[in-house]
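Enquirer: Following this message is one structure expressed as structure tokens.
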Amino acid sequence: MKGFWKFFDKLIEVMAALAGAILLFICIAVCYTIGMRFLFTKTTIWIIPATEYALLWIVFLSTTWLLREGGHITTDILFAHLDEKAKHRLGCIMFVLSGVACAVMVYLGTAHLVDCTINRVTDVRAVTVPKSVVFIIIPIGFIFLTMQFFRMAWSRFIDIRTVG
């Protein structure tokens with residue numbers, strides 16, 4: 001099982017790096033279009049929709065890595081007043097509930113993706129793009145989030161057993 005989690009960790013690190021590369025692309029593309037508009041009064045019509053799609057991809061490529069690193073915002077008003085065992089129990093419950101919520105989103109995202117694919121739904125703007133290409137990252141991202149939440153819940157469960 002350790003080999004699987006090692007591969008999983010490497011994969012989410014690659015996904016986060018890809019999100020960083022996409023962010024760099026967005027910065028360069030926006031600077032390019034601003035420069036073109038300023039210098040030559042011409043603009044590139046595909047940059048705005050590509051940037052919007054890229055922002056969606058950045059979120060779902062990097063969220064699991066951020067969760068693993070503990071980078072999400074937490075409110076610890078309640079946690080500050082609990083003993084260690086209660087903290088682990090509450091953490092375990094919250095991670096399980098979050099994992100279940102993400103699993104539901106995997107189902108809903110997949111259903112939407114299948115619907116977009118079967119009905120050949122496209123986003124018609126400056127450039128016509130199949131919505132399935134844009135939205136495929138949603139169930140993929142939620143699969144990884146679900147796994148990470150359940151992994152963290154299991155870790156808290158083990159902590160409960162060892163804290164006593």
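The values are calculated or read from the model by the stated rules, or taken from the named source; none is laboratory data. Source: prediction; values computed, not measured. Here the Cβ is made from the backbone with ideal geometry for all residues, glycine too, and neighbour counts use every protein chain on show.
Enquirer: Residue 12: closer than 30 Å to residue 129 by Cα, buried (at least 18 other Cβ atoms within 10 Å of the Cβ), modelled with pLDDT of 95 or more and among the aliphatic types (A, V, I, L, M), yes or no?
Expert: Answer is yes for this residue.
Enquirer: Follow-up question, since we're still on this one. What are the pairs, 6+ residues apart or on separate chains, where a residue within region 119-137 that is over 24 Å from residue 16 (Cβ atoms) and at pLDDT 95 or above has its Cβ under 9 Å from a residue that is of a type in the set (Val, Ile, Thr) and part of a helix (DSSP H, G or I)?
Expert: Close Cβ pairs (under 9 Å, with a partner that is of a type in the set (Val, Ile, Thr) and part of a helix (DSSP H, G or I)) do not exist here.
Enquirer: Go through region 102-114 residue by residue and tally those that are over 28 Å from residue 47 (Cβ atoms) and either without any contact (Cβ under 8 Å) to a residue 24 or more places away in the chain or not hydrophobic (A, V, I, L, M, F, W, C) (or both).
Expert: Number of matching residues: 6.
Enquirer: Within region 72-79, is there a residue that is surrounded by 14 or more Cβ atoms within 10 Å (Cβ to Cβ) and either in a helix (DSSP H, G or I) or touching a helix residue (DSSP H, G or I) at 6+ places or on another chain (Cβ under 9 Å) (or both)?
Expert: Among the residues of region 72-79, not one is surrounded by 14 or more Cβ atoms within 10 Å (Cβ to Cβ) and either in a helix (DSSP H, G or I) or touching a helix residue (DSSP H, G or I) at 6+ places or on another chain (Cβ under 9 Å) (or both), which makes the answer no.
Conditions (1) surrounded by 13 or more Cβ atoms within 10 Å (Cβ to Cβ); (2) part of a helix (DSSP H, G or I), marked per residue:
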{"site": "101", "(1), (2)": "yes, yes"}
{"site": "104", "(1), (2)": "no, yes"}
{"site": "117", "(1), (2)": "yes, yes"}
{"site": "129", "(1), (2)": "yes, no"}
{"site": "134", "(1), (2)": "yes, yes"}
{"site": "153", "(1), (2)": "yes, yes"}
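Enquirer: Residues to consider are 157, 79; find the one that is farther than 22 Å from residue 13 by Cα and free of Cβ contacts under 8 Å to residues at least 24 places away in the same chain.
Expert: 79
Enquirer: Okay, moving on. List pairs: first residue in region 45-57 and closer than 14 Å to residue 123 by Cβ, second residue of a type in the set (Asp, Glu) and surrounded by fewer than 18 Cβ atoms within 10 Å (Cβ to Cβ) anywhere in the structure, Cβ distance under 9 angstrom, at least six positions apart or on different chains.
Expert: Qualifying pairs under 9 Å: 49/123; 53/123.
Enquirer: From the list 33, 63, exactly one residue is buried (at least 16 other Cβ atoms within 10 Å of the Cβ), among the β-branched types (Val, Ile, Thr) and under 17 Å from the mean Cα position of the chain (by Cα). Which is it?
Expert: None of the other options fit; the residue is 63.
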